[in-house]
Each structure stands twice: as structure tokens, then as C-alpha cells.
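The next block holds one structure in the form of C-alpha cells; read it before the comments.
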Amino acid sequence: MQMAKRTSAYIIVLTAGVLLLFLLNLSYGSVLISWDRVLDALFGRIADSPDAIIINSYRLPQAVTATFVGMALGLSGLLLQTLFNNPLAGPSVLGISSGASFGVALVVLSGSLSGIDFILSGFAFGNILVVVAALIGALAVLLLIIFVSSKIANIVVVLIIGIMIGYAINAMVGVLQFFSRSLELQAYVLWGLGSFSKTTLTQSVGLAISVSVLVILGCLFQNSLNVFLMGKNYARSMGINTKILQLKILVIAGLLVSLATAFTGPIAFLGLSIPHIARNLFNSSNHRILLPAVVVLGAFIALLCNFISKLPGYDTSLPINAVTSMIGAPIVIWAIVKRAKIKQ
Amino acid sequence: MSRILQIHDLKTAYFVGKKNQGILHHIKNAYVEKGEFVSVLGLNGSGKTTLIRSILGMQKIVSGQIAFNDIDSENLNINEISKLVSVALTDKIDDAFLKVSELVSLGRFPHGGAMGRLNDNDIHKIKEAIEIMKLRSFENRVFSQLSDGEKQRVLIARAIAQDTPLIILDEPAAFIDSPGKLGIMRMLRKLTYNKSKSVLLTTHDIESALRFSDKIWLLSPDGKFISGEPNDMVGSGLINEYFDKDGIVFNRESLSFEIESGANN
């Protein structure tokens, strides 16, 4: 009972933190906007002022994207770590983000080869094209992984094949880069740095809705995932069709990674580190606790990273991947050392 | 007597891919009755674990029928089987946070499903399992930090909480000191007396198997299968035939292995 109380207390505090960080993300940037102006802008009371445009066209989609990409990556990381029974599993291991990169590389860099200039043919068009290309690339790899896992029962083999697919795709991207002009190359590299600020308001709302649906779907598996902690044979002995469960979890996690990467580019370390933070903070591997925990923590940490990336206060912000890696890498090291100590 | 497990004409084998590596055992007829305690004995490599895994459908069989409660396992889905058979395996459980009480409560999964919360009956069964295996004092401890003997008791408690008529255990006494081994065997024996559960286990501990079991299944490396009561096995010299080795002989009076006199150098 006491544990349940502490769990809900943490969740409430974190949720409050998410709201606070969300507002901070709206008010802070190259121009500081006071909180009452932020609220005025959100509720349309100062429709045409520059502040309202900054908030509604730039900072709001960015904050919404950070929130839901954080949720998506945190949840997919947890699902994949439980599925593969491996603390190092994360969104990048299945080659899905490489698939997204390949889609983007194909669109952006093929400008060099075909002569069509995607970069200069208008921001909005180029932007949605990049999102669609990333999504198609990611989903193609996801389908490939699902095909592999339907043929091969051993999930560790699936994991290794996923990593290898990632390498192979990155090599193809390398070849494309080799034949590209510097302008396109720069655009591609910029995409690869990752950013929460590539989305329009409509896109960020679409992202929010689809991530929410997948989060609800993921939470349906809370007890099955707990049983999965004991391994495949036990799961089977308790009536779980492990092959079908693996497939369902792969689809949910894969869709989350695909969506997140399509809208923001690859974001490092969030998916890997958030489940570790959740386990250590809540001192539990129970998915009834962890599933809500990674969702809230994911939003919290993504918003925190986005806020930190704006702190230098210049016109442009720090690359988000630099921030997430600097925060994420030490956390993963800490969690894995702690895990090793517990086991001794 | 109803037969919770009935094996008919079962041929088991190791499989590499889809190819079997030759028949390991051919069991024409074997069964476990309600409340019966059955131990599978055999030397290393005689295929005890293969037999268990074949019965549980965790690996392919060459041919034959396995029936639970007189229903052919072909006609049962894995959810139905999970309400008839629970297991304690040697698989390593690799989680740094899972608590004893949480692990035991996983046994209720087949009765609740993917979203269900534990109801009063579930909580009662979990408490009962924890009582039976004497785990009250470390309910809140982390599973991975327990000793091997304690871990084994937790795994058995989980199987008890699953509340199935048959419990199958692979090497429940491995890596455990002698008092711990006897303790576990006695707890399982009590389960068959007090709760009419059936127990089928594999073990290397021939002495305690003979002491606690109603029936012994003997597996030989050359594929023979013999089922019989412990007394008959000892009396007919089968135990000597199978396990005496290099001057270590089974004494039929004391029911223990001894160093043959004159061979102790």
C-alpha cells in the first residue's frame, strides 16, 4: 500500500513537472514571453501580436512534439527492453531509425542526382515530403523485422538481425551521401541531428493523437509484459502465445519509433535511458507502474532537454541530440552499473 | 483414479532445426495420477529435461500422445493447459527489481489475463502459496538477491499460486545444500498429501527421490524407460544396475550410496 502511495505521488509530481516545463518551453527562447502573455496567446486573446505568432506557430508545436516524442521513445524503449530481455535494447537497435534516415536520404539527396531541388522547392512541401519519406523508410524496416521475427522464433537472433539491417542501411546512406552535392548533404546532416522544431501545429497534433492511441494499446499488455520478465518458457506455461505477443509488441514499439523519427529525426538516448530512470526511480519492474511512469517521464525529460537546448539564449538552440546524449549516456551508465551491483 | 498426465507411445528426440537427431526415448505408456509424486531419474545426458520439455510442448516430439486430465494435449490450447500444469524451470530469471511477492503473483496470470487486477481469491491463493513455501519473511525482497534455495522456493510458490492439479519441476534441488534439498522435497510431498496436487520432477538426488516418491521414472542413455515403485526398483537391483559406478555402490539397506569396501583408495 505504501508503495502504491509513493508511486502515485511520484506520478503526480512528474505530471505537474511536465505542465511546468511545457509552459517554460513556451515562454523561453530567443525572446522571453511572460506567462500571462503565453496564456493569452494560447487562448487566442492576443491573436495578431508577434508573441502569439511565436507561440502558436513555433513554440507550441515544438513543445507538443517534444512531449509526445518523449512519450513515444520512452514507451518503445521499455517495450523493447522487456521484449528482448536486454537493458541495451532501444529504438535504434531494430534499424527502424536507420530506415527513416534512408527514406530521408533518398528524398533529400536524390535531388543531386535527379536535378529536382527538394530543398528549394518550398519549405512546406519539402517538409511534409521528408516526414512521409522517413515514415515509409521506418515502416519498411519494421515490416522486414516483423517478417524476420515471424520466421525465427529466437528473439535474440531477431535483435541481431535488426542491428545488422541498421548497419546495412547506414552503408547505403553513406553511398548516397558520397554522390551528393554539399547543399543537399547539409540538409540531410541537419535532419540527422534531430530537432523537435520541424513540425507544424497540425503535424504535432496528428503526432499527439497517434502516439496517444499507441500508448493506450501498449498499456493493454501490462500483465503479459510482467509475465514476460520470467522468460519465454514461463510465459508460455502461463498461457501466453509468445510468438504472437512478440509480434504485437514489436508492431507497437516499431510504430512509436517510426512516428517519432519521422517528425523529429533520430533522437539519441531518450528511448534507451527513460526506462532505466523509471525502474530506478520507482524501484520496480512491474509494468503496471512502469508503463505510466515511462510515458510521464518521457514527456518530462524530452521537455527538459528541449528547454536546456534553448538556454544559451541565442537565436538558434543547441542540437537536441547533444543535450539528450549528455544527459542520457551518464544515466545509462549509472543504471547498468547499479544493476550489475544488485546482481552480485 | 483420474490421470492428470497420460503419455502414450511417445517418441522424443533432440532436434536441430527440423531434423531430429535420432529417437532419444520411446515411452509406450506412463502416467501420473492425482496426488502422486513422481521423480524422473537418469544419468546426465539421459534426456530428463528433454522429456519434461516434450511433455510441456516446449519442444517438438517425433510422435505419440500426451493427455492432461484425459484430454489429448492436441485438443487443448496453451491457456487451457496453463490451468492444468504449472512449472518450475531452470531458466535464469534476469531482472534486477522483481520482488518475491510480485513473482509469486504472476502465477495468477492464467486466471486473470492481460489487464485483470488481482481479486480477493487471487490474493488468497498468493498468500497461501507464500505460507506453504515459508516465504512470509522475505515477501518484499528482490528475487535476484536471494540464494539458490530461496529462489527455488519462490519459483515453486509461483507454481502453487497458479493452482493447477499438476506441477512439473526441472531439477528443483540442483545447486541447493542437503538440508535445503530435503526441505524442498518435503514441502512438495506435503503438497501432494494436503492439496492432492500431483508432482512430476527431475532430479539427480537419487536418495531423496527414492525416499519421497510414489513412483520413479528411470531413463537410460540407451533409450530404455522403466516406471516403478521405489521399493521395487531398489529390490530388483535396477538402481544398482543404473547408477553404481567406479566403486560407488547403492546400499539397498540404508538406501544411500556408499564407497565399496576395499575400493576406497
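A few comments on the model shown:
- Of all residues in the stretch B:71-98, those that are at pLDDT 95 or above and among the small types (G, A, S) total 3.
- Qualifying residues in the stretch B:108-123 (those that are in a helix (DSSP H, G or I) and either farther than 24 Å from B:Q145 by Cβ or in contact with a strand residue (DSSP E or B) (Cβ under 7 Å, 6 or more places away or on another chain) (or both)) - the one nearest to the other protein chains (Cβ to nearest Cβ): B:P110
- Here A:I336 meets each of (1) in a helix (DSSP H, G or I); (2) under 26 Å from A:I12 (Cβ atoms) with one exception, condition (2).
- Residue within the stretch B:186-203 that is more than 14 Å from the chain's Cα centre (by Cα), closer than 24 Å to B:G237 by Cβ, modelled with pLDDT under 95 and not β-branched (V, I, T) present: no
- Among the residues of the stretch B:145-160, the ones that are of a type in the set (A, V, I, L, M, F, W, C) and farther than 11 Å from B:S86 by Cβ come to 2 in all.
- Evaluation of B:N79 against (1) surrounded by fewer than 24 Cβ atoms within 10 Å (Cβ to Cβ); (2) closer than 24 Å to B:T202 by Cβ; (3) in contact with a Pro (Cβ under 8 Å, 6 or more places away or on another chain) (one fails), failing number: (2)
- Residues that are out of contact with any helix residue (DSSP H, G or I) (no Cβ under 9 Å at 6 or more places or on another chain) and free of Cβ contacts under 8 Å to residues at least 60 places away in the same chain were ranked within the stretch A:46-70; the one that is surrounded by the fewest Cβ atoms within 10 Å (Cβ to Cβ) is A:D48.
- Test: residue in the stretch A:236-245 that is free of Cβ contacts under 8 Å to residues at least 60 places away in the same chain and at positive phi: yes
- Consider the stretch A:313-342 and keep the residues that are small (G, A, S) and away from every other protein chain (no Cβ under 13 Å). The one that is surrounded by the most Cβ atoms within 10 Å (Cβ to Cβ) is A:G328.
- Screening the stretch B:161-246 for strands (runs of 3 or more DSSP E) wholly inside it with 1 or more residues that are closer than 27 Å to B:I132 by Cα returns the ranges B:166-170, B:198-202, B:215-219.
- The stretch B:54-68, residues that are touching a residue at least 60 places away in the same chain (Cβ under 8 Å) and either within 14 Å of another protein chain (Cβ to nearest Cβ) or assigned to a loop (DSSP other than H, G, I, E, B) (or both): B:I55, B:L56, B:F68
- Any chance A:V189 is buried (at least 21 other Cβ atoms within 10 Å of the Cβ), at pLDDT 85 or above and at negative phi: no
- Counted residues, the stretch A:262-312 - those being among the basic types (K, R) and more than 14 Å from every other protein chain (Cβ to nearest Cβ): 1
- Residues (assigned to a helix (DSSP H, G or I), at the interface with chain A (Cβ under 7 Å from one of its Cβ atoms) and more than 28 Å from B:K34 (Cα to Cα)) located in the stretch B:69-105: B:E102
- Test: residue in the stretch B:134-151 that is in a helix (DSSP H, G or I), in contact with a strand residue (DSSP E or B) (Cβ under 8 Å, 6 or more places away or on another chain) and among the aliphatic types (A, V, I, L, M): no
The values are calculated or read from the model by the stated rules, or taken from the named source; none is laboratory data. Remember, predicted model here, so these are calculated numbers, not experimental data. Every residue, glycine among them, receives a Cβ derived from its backbone with ideal geometry; neighbour counts consider all protein chains shown.
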